[in-house]
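The values are calculated or read from the model by the stated rules, or taken from the named source; none is laboratory data. The shown structure was predicted, so the numbers you read here are calculated from the model rather than taken from an experiment. Ideal geometry is used to build each Cβ from the backbone, glycine not excepted, and the neighbour counts take in all protein chains shown.
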Amino acid sequence: MRFLREFGALLRLSLSGARQRPGSVVTIIIGVTCAVGVLVSMLAMGSGARRQVLAGAREDHVVINSHGASGIMSSIPRDEADTVRGLPGIRKGSDGKPLVEFQSVLPIEARRRLTGARIFFPLVGVTGTPTASDPDLHLTEGRVFRPGLHELIASRPCVRQFTGFGIGDTRSIGGVDWTIVGHFEQGDTQQCGVLADAEILMSTINSNTYNQATATLESPAAYAVLRGAIEGAPTLHLEVRHEIEAREEGIKGLNGLLNFAAFFVGSIMAIGAMLGAVNSLYSMVDARRREIATLRAIGFGGAPVGAAVLCESLLLSIPGALLGVILAWVLFHRMSVSPFGFSFLLDVTPRLAVIGVLWALAMGLLGGLLPALRAARVPVTTALRAT
């Protein structure tokens, strides 16, 4: 109880004297603000990439790939595709046909408008009408490609970022000229996407296999039924996963790389901020040597003195944390970026704000530890002699 009383009195005394040390206080706050702002804004890349990839994912959607593969490495032969259409658990549309969309993926090249740099991204051939299978996709100009024709529709980010995607432009794919006949938007995605008829694309590249399929379940509970049917069919070499799970797996590598870069750079900034905080707190302790000596002489213990200095460091880190989060949100939230050719919007979330505050508190704790020990361990006689 005595410790708490002494600690409270010392902390109030320290905070009331902060106005007399504006330089040290501002140095600590600015250092923490910069470190937190950089960390949160960089973590917003991973958050934004994940948000875009998971946009539109539904619990009643599943992704079917060949066993042990995904994306362009997956292979679903036509005969297996026919078997999949008849599996139980898949919802049927108003026309009585199963709601299964098969996709064929082919990497194509484009050049950036400003730099002329080459970028590769997937051309996705789909069965059926894309505007019917994806409610988030809607045309903004032109029309949907016609089945059996060499026609493409491109997303608006393709038009903004790359050359050769205007209505009427042609692109050579597989030795055949394909015509852009429409533009579309798909939610708030910033990634360039190009769609075509899967059958004519597979015919052009002499392929007889799809890469993956997306199916709509009768209900989320029907997942077990469909999975059991696939695993129990000896002619199928496929596996099924929830759409959310499959998309999470697809972004896992990029997300890990972005988060590693964020914490690596954030750690460097944090070290610099902590060194600045240590120097500032040391100077604050030295400036208060007479005050500390007087308090120790009248009976205050070393532990409450050190705890008060440490707590002051933690409290000074909080304004810096809040400012860093606010700056990251104001300057970078919803900003479009394209690391590694993948375009998306930065997303500063409440979760990242919490991480930023905890990061600042860790900096305050580590930065205030040595000055707190110094304040607590100075003998009373030494402090009085120094004054």
Residue satisfying condition, being of a type in the set (Ser, Thr, Tyr) and within 28 Å of residue 174 (Cβ to Cβ), within set 75, 16: 75
Subset of region 96-121 that is touching a Ser or Thr at 6+ places or on another chain (Cβ under 7 Å) and outside any strand (DSSP E or B) - its residue that is nearest to residue 76 (Cα to Cα): 99
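Given the criteria more than 30 Å from residue 224 (Cβ to Cβ) and at pLDDT below 90, does residue 122 qualify?
yes
Let's see how each residue does on (1) within 23 Å of residue 9 (Cα to Cα); (2) assigned by TED's automatic domain parsing to the domain that holds residue 24:
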{"position": "216", "(1), (2)": "no, no"}
{"position": "219", "(1), (2)": "no, no"}
{"position": "229", "(1), (2)": "no, no"}
{"position": "243", "(1), (2)": "no, no"}
{"position": "256", "(1), (2)": "no, yes"}
{"position": "285", "(1), (2)": "yes, yes"}
{"position": "304", "(1), (2)": "yes, yes"}
{"position": "309", "(1), (2)": "yes, yes"}
{"position": "320", "(1), (2)": "no, yes"}
Qualifying positions in region 50-95 - of a type in the set (D, E, K, R) and under 30 Å from residue 337 (Cα atoms): 50, 51, 58, 59
Residue within region 112-132 that is charged (D, E, K, R), in contact (Cβ under 8 Å) with a residue 24 or more places away in the chain and crowded, with 17+ Cβ neighbours inside 10 Å present: no
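Please enumerate the residues belonging to region 56-90 that are in a helix (DSSP H, G or I) and of a type outside the set (A, V, I, L, M, F, W, C). Break it down stepwise before answering.
Going residue by residue through region 56-90, those that are in a helix (DSSP H, G or I) are 71-73, 78-85.
Scanning region 56-90 gives 71, 78, 79, 80, 82, 83, 85.
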Filter result for residue 53 (under 33 Å from the mean Cα position of the chain (by Cα), crowded, with 18+ Cβ neighbours inside 10 Å and assigned to a strand (DSSP E or B)): no
Tabulated pairs, region 149-167, first at positive phi, second basic (Lys, Arg) and surrounded by fewer than 21 Cβ atoms within 10 Å (Cβ to Cβ), C-beta under 8 angstrom, 6+ apart or interchain: 164/111; 164/171
Test: residue in region 96-103 that is small (Gly, Ala, Ser) and either in contact with a Pro (Cβ under 9 Å, 6 or more places away or on another chain) or within 29 Å of residue 180 (Cα to Cα) (or both): no
Tally of residues being hydrophobic (A, V, I, L, M, F, W, C), at pLDDT 85 or above and under 19 Å from residue 278 (Cα atoms) across region 294-324: 6
Filter result (surrounded by fewer than 18 Cβ atoms within 10 Å (Cβ to Cβ), touching a strand residue (DSSP E or B) at 6+ places or on another chain (Cβ under 7 Å) and assigned to a strand (DSSP E or B)) within region 163-208: 170, 177, 179, 185
Identity of the residue in region 177-196, more than 19 Å from residue 133 (Cβ to Cβ) and polar (S, T, N, Q), that ends up modelled with the highest pLDDT: 179
Test: residue in region 92-107 that is of a type in the set (Val, Ile, Thr), surrounded by 11 or more Cβ atoms within 10 Å (Cβ to Cβ), out of contact with any helix residue (DSSP H, G or I) (no Cβ under 6 Å at 6 or more places or on another chain) and touching a residue at least 12 places away in the same chain (Cβ under 8 Å): no
Unmet criterion (only one of (1) out of contact with any Asp or Glu (no Cβ under 7 Å at 6 or more places or on another chain); (2) of a type in the set (A, V, I, L, M, F, W, C); (3) surrounded by 19 or more Cβ atoms within 10 Å (Cβ to Cβ)) for residue 221: (3)
Helices (runs of 4 or more DSSP H) (entirely within region 209-327) containing at least 3 residues that are polar (S, T, N, Q): 243-287
